[in-house]
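Input: a single structure, listed below in structure tokens.
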Amino acid sequence: MDDRIFKTAMSKFATGVTVITTEVNGEVHGMTANAFMSISLDPKLIVVSVANKAKMKQLIDESGTFSVSLLSNNQQEMSNYFAGQIKENFDISFKTFDGLSVIDGALANITCDVHNTHLEGDHTLYIGKVRDILLQEEGMPLTYFSGRYYNLS
């Protein structure tokens with residue numbers, strides 16, 4: 001099967017948009033991802049998928065921690081920046097939560113320690129043991145479908 005057909009089919013699944021962040025040597029690094037899900041309540045575990053060729057893989061391996069910020073519908077520019085689609089300097093509003101950097105204004109921020117990893121094809125699945133969660137009281141999610149952003153109505 002052609003890679004393009006596979007990618008197009010996968011784009012037909014509507015998802016939320018997250019930014020995964022980690023810190024190495026005092027510098028915060030991030031990437032946009034929609035491959036995120038919860039996998040266990042006891043213990044509280046989530047999973048994110050990171051391409052093996054992505055710089056973020058090496059950084060999470062080194063730090064052993066990461067955070068996931070679930071973006072709100074007014075954070076499309078933040079998503080584009082961490083997806084590498086905005087090249088100029090961008091004023092990023094990080095805040096510290098549970099000792100990790102997270103995206104300010106996200107609907108939820110989840111801090112994790114790497115609990116386990118699984119190499120699967122050209123990606124690594126990072127199982128994160130949830131340390132803490134910070135929730136916003138209001139807001140709607142940034143959603144992504146078929147290569148475009150959408151707002152829930």
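The values are calculated or read from the model by the stated rules, or taken from the named source; none is laboratory data. Note that the structure is a prediction, hence the values are computed from the model and not measured. Every residue, glycine among them, receives a Cβ derived from its backbone with ideal geometry; neighbour counts consider all protein chains shown. Each accessible area value is taken on the protein alone, full model and side chains, heavy atoms only, with ligands, DNA and RNA left out. Shrake-Rupley method; radii C 1.70, N 1.55, O 1.52, S 1.80 Å.
Tabulated results
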quantity	calculated
Of every Cα-Cα pair in region 1-67, the percent that sits beyond 21 Å	37 percent
Amide H partners (placed H, <5 Å) of Asp132, local residues excluded	Thr111
Angstrom value of the Kirkwood radius, inverse mean 1/r, which spans all Cα pairs in the chain	15.9 Å
Under DSSP loop assignment and at most 13 Cβ neighbours within 10 Å, longest trypsin sites (Lys or Arg not before Pro)-free interval of the chain	88-153
Karplus (6.51, -1.76, 1.60) ³J(HN,Hα), θ = phi - 60°, over region 47-60, in Hz, Gly and Pro reported as x	9, 10, 10, 10, 4, 4, 8, 6, 4, 4, 4, 4, 5, 5
In Hz, Karplus ³J(HN,Hα) per residue of region 119-130 (6.51, -1.76, 1.60; θ = phi - 60°; x = Gly, Pro)	7, 9, x, 8, 10, 10, 8, 9, 8, x, 7, 5
Of Lys7/Lys129; Lys87/Lys129; Lys55/Lys95; Lys7/Lys55, those spanning more than 27 Å from alpha-carbon to alpha-carbon	Lys7/Lys129; Lys87/Lys129
Accessible area in square angstrom per residue, the chain, 1.4 angstrom probe	60 Å²
Protein accessible area in the chain, 1.4 Å probe - carbon and sulfur %	50 percent
Semi-axes of the equivalent ellipsoid for region 52-120, Cα gyration tensor, largest first, Å	22, 16, 11
